[in-house]
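The values are calculated or read from the model by the stated rules, or taken from the named source; none is laboratory data. Quick caveat: nothing in here was measured; it's all calculated off a predicted structure. Here the Cβ is made from the backbone with ideal geometry for all residues, glycine too, and neighbour counts use every protein chain on show.
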Amino acid sequence: MILYSYATIRYHIGKALGIEFFLFVFNKAIAWSAATFLGLSLLSIKAPFPSKKTFGISSFILGFAHVSLTLILAFLGFFPNYFNTNGLSNEGVLILISGGLTILLMIFPLLASLFPEKHPKIWLKIGKFALLVNIFHPIIIGVKNWWIPGKWPLLLPPITLLSTLIYAIIVAIYWKQKKGVERTPLI
């Protein structure tokens, strides 16, 4: 709800997008939540926070919802910048590949989490590759809009930039945890 509130303020208020853009704005919050949960699924975090498994499964569900909503929105013509006379533009292809590959890679850790007796534990590590691939998704979509804060609605940074920064922070924490610099789990 916090991420959706941010998206609402930035897009409905800041960009003055009407109610007809509800699904478009909601989809941005869903994508941001999926990306955040995917990153959090790598970290060792103490209770009362959800487990890696809960973050991972939530990330997959939200990611699948994001893919579904994006396909509906594309069909409704919400992404004209990613199409040209021949179909998908080069940027559209990269966005599709990075997002599609992420959700496909996430299937492996999902299955290993839900059915550990049937699937190898190594599949859980494929989530790291999903995160690495997915780092490029918001960068491809939004990097062109990151550099002029004066053009940001209400001076609120783009969600793609915030998602990328969250990933950078999570990867830094993960790296510290992995290297043993921080021996105790977070929080």
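Condition first: farther than 22 Å from LYS52 by Cα and touching a Leu at 6+ places or on another chain (Cβ under 6 Å). Can you find one or more residues in the stretch 118-137 that meet it? No, the stretch 118-137 contains no residue that is farther than 22 Å from LYS52 by Cα and touching a Leu at 6+ places or on another chain (Cβ under 6 Å). Looking across the stretch 125-138, the residues that are free of Cβ contacts under 8 Å to residues at least 40 places away in the same chain and either more than 9 Å from THR102 (Cα to Cα) or charged (D, E, K, R) (or both) come down to LYS125, ILE126, ILE135. Of the residues making up the stretch 124-146, at least one is modelled with pLDDT of 95 or more, of a type outside the set (Gly, Ala, Ser) and in a loop (DSSP other than H, G, I, E, B). Is it true that LEU62 is at pLDDT 95 or above, over 21 Å from LEU111 (Cβ atoms) and in a helix (DSSP H, G or I)? No: the conditions fail for LEU62. Within the stretch 162-177, residues that are in contact (Cβ under 8 Å) with a residue 60 or more places away in the chain and surrounded by 13 or more Cβ atoms within 10 Å (Cβ to Cβ) have Cβ atoms under 6 Å from residues that are of a type in the set (A, V, I, L, M) and part of a helix (DSSP H, G or I) in these pairs: SER163/ALA35; TYR167/ILE135, counting only partners at least 6 apart in sequence or on another chain.
Considering SER33, SER68, the condition of being assigned to a helix (DSSP H, G or I), within 25 Å of LYS176 (Cβ to Cβ) and either hydroxyl-bearing (Ser, Thr, Tyr) or in contact with an Asp or Glu (Cβ under 9 Å, 6 or more places away or on another chain) (or both) is satisfied by SER33 alone.
May I ask you to list the residues in the stretch 43-77 that are without any contact (Cβ under 8 Å) to a residue 40 or more places away in the chain, of a type in the set (Gly, Ala, Ser) and buried (at least 16 other Cβ atoms within 10 Å of the Cβ)? Full working, then the answer.
Initial filter on the stretch 43-77 (without any contact (Cβ under 8 Å) to a residue 40 or more places away in the chain): 47-48, 50-52, 54-55, 58, 61-62, 64-68, 71, 74-77.
The next check asks that each one be of a type in the set (Gly, Ala, Ser); those that pass are 47, 51, 58, 65, 68, 74, 77.
If the condition is that a residue be without any contact (Cβ under 8 Å) to a residue 40 or more places away in the chain, of a type in the set (Gly, Ala, Ser) and buried (at least 16 other Cβ atoms within 10 Å of the Cβ), then SER58, ALA65, ALA74 are the ones that fit.
Condition check for ASN90 on (1) farther than 17 Å from ILE30 by Cβ; (2) of a type outside the set (Val, Ile, Thr); (3) modelled with pLDDT of 95 or more: one failure, at (3). The set of residues in the stretch 69-118 being in contact with a helix residue (DSSP H, G or I) (Cβ under 7 Å, 6 or more places away or on another chain), under 16 Å from PHE129 (Cβ atoms) and not hydroxyl-bearing (Ser, Thr, Tyr) consists of GLY99, LEU101, ILE103, LEU105, MET106, PHE108, PRO109, LEU110, LEU111, ALA112.
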